[in-house]
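Q: A single structure is presented below for examination.
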Ligand code: 3HC
């Protein structure tokens, strides 16, 4: 009887645990976002290939994933460090790296592009992938600000094209924005929502509009903070303190700008300013431009609005 019970519990557990929508995921771009996406996909049972230009970049991305996984494991398996070590090892074991996207998409189920925010480069990439990826492969972009429809122009599989917009730090932020263009099929959209669930995120959907939901609200807010300081109304430190203690935000707008990267902020804003020159919320900022020109891009370069040099 006891054995019968165990068998029932086992088979119930395995049938309740449904398979992932996609098995093999190719993440193109090993930066902050790409490596975070590769990490969460691998830690939820997907086989992942992470692609970037050279092995030096990939080695750094892999080491960042390892460190981040160790932080996750420390919390998740606080009572059982051995299980935590196994989790890190198993997850790392599901990630391989490659320097050419075209060599690894011939057997992939999902492509997530997380490369530089440049429309021409993204289009060139998808044009190349189109020729090699199998029919069933779904193409997505993690772009922060470029319309998905503009990128999808480069692909013939517009019904299997969409947006998956993650947030930094990807392992911690629970949200995933899922974007469909008019041509995205219902089947593809459902798969993308299912993938979001598989990687443990809460999904929201939005039309293919500038910044989708989060960046459409967050970037103008951060830019207003910069303009406030440009006018000399308050200091960066006081604005950050005000928003953390007066509005309950985990980071102030300047800390968050440094965290996201001032170059990323500028890419987003420049694109919007070019496409919507009359929107006052999308105007360029001399202060932001100055920092970017000086190579002060935030945490990643050791200096932005604040200094991170030890
Ligand atoms: N990997 C794994 N775990 C991490 C992590 C990472 N990269 N970053 C933080 N953690 C976890 C760890 O468990 C850490 O504990 P540990 O230090 O003992 O390892 C715990 O979070 C707490 O971290 P911290 O003490 O460093 O700091 P916080 O408590 O402030 O949390 C934060 C950090 C989660 C980043 C929090 O400050 C936060 O939510 N900030 C806002 C982030 C945000 O708004 N992101 C969206 C940006 S917009 C975007 O990405 C869109 C793009 O298109 C621009």
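We did not get these values from a lab; they are worked out from the coordinates using the rules stated. Treat the numbers as computed from the prediction; the structure is a model and nothing was measured. Cβ sites come from the backbone with ideal geometry, for glycine too, and all protein chains shown count toward neighbours.
Q: Mind checking whether some residue in the range 52-69 is in contact with a strand residue (DSSP E or B) (Cβ under 7 Å, 6 or more places away or on another chain) and over 26 Å from residue 21 (Cα atoms)?
A: yes
Q: State which residue pairs qualify: first residue under 13 Å from residue 43 (Cα atoms) and inside the range 75-89, second residue more than 16 Å from the ligand (Cβ to nearest atom) in any location, beta carbons under 9 Å apart, and separation of 6 or more residues or different chains.
A: Correct list of pairs: 76/83.
Q: Considering (1) assigned to a helix (DSSP H, G or I); (2) away from the ligand (no atom under 16 Å from the Cβ), say which one residue 45 fails and leave the rest.
A: (1)
Q: Surrounded by fewer than 21 Cβ atoms within 10 Å (Cβ to Cβ), touching a strand residue (DSSP E or B) at 6+ places or on another chain (Cβ under 7 Å) and at negative phi, is that true of residue 140?
A: On the way: surrounded by fewer than 21 Cβ atoms within 10 Å (Cβ to Cβ): no; touching a strand residue (DSSP E or B) at 6+ places or on another chain (Cβ under 7 Å): yes; at negative phi: yes.
When the stated conditions are applied, residue 140 does not pass them.
Q: Same structure again: Looking at this structure, is residue 179 farther than 19 Å from residue 21 by Cα and surrounded by 16 or more Cβ atoms within 10 Å (Cβ to Cβ)? Before the answer, list the steps.
A: Numbers: farther than 19 Å from residue 21 by Cα: no; surrounded by 16 or more Cβ atoms within 10 Å (Cβ to Cβ): yes.
For residue 179, the condition - farther than 19 Å from residue 21 by Cα and surrounded by 16 or more Cβ atoms within 10 Å (Cβ to Cβ) - is not met.
Q: Taking the conditions exactly as written (touching a strand residue (DSSP E or B) at 6+ places or on another chain (Cβ under 7 Å), more than 30 Å from residue 273 (Cβ to Cβ) and crowded, with 20+ Cβ neighbours inside 10 Å), does residue 195 satisfy them or not? Even if it seems obvious, please write down each step before you answer.
A: Numbers: touching a strand residue (DSSP E or B) at 6+ places or on another chain (Cβ under 7 Å): yes; more than 30 Å from residue 273 (Cβ to Cβ): yes; crowded, with 20+ Cβ neighbours inside 10 Å: yes.
When the stated conditions are applied, residue 195 passes them.
Q: Quick one: which helices (runs of 4 or more DSSP H) lie wholly within the range 220-310 and hold at least 3 residues that are closer than 30 Å to residue 120 by Cβ and either within 13 Å of the ligand (Cβ to nearest atom) or touching a helix residue (DSSP H, G or I) at 6+ places or on another chain (Cβ under 6 Å) (or both)? Don't jump to the end; show me each part of the working.
A: Values: elements: 236-247, 253-260, 262-275, 286-293.
Per the criteria, 253-260, 262-275, 286-293.
Q: Now for a separate question. Run residue 210 past the list (1) in contact (Cβ under 8 Å) with a residue 40 or more places away in the chain; (2) closer than 21 Å to residue 116 by Cα; (3) assigned to a helix (DSSP H, G or I) and report the number of the one that doesn't hold.
A: (3) is the only condition that residue 210 fails.
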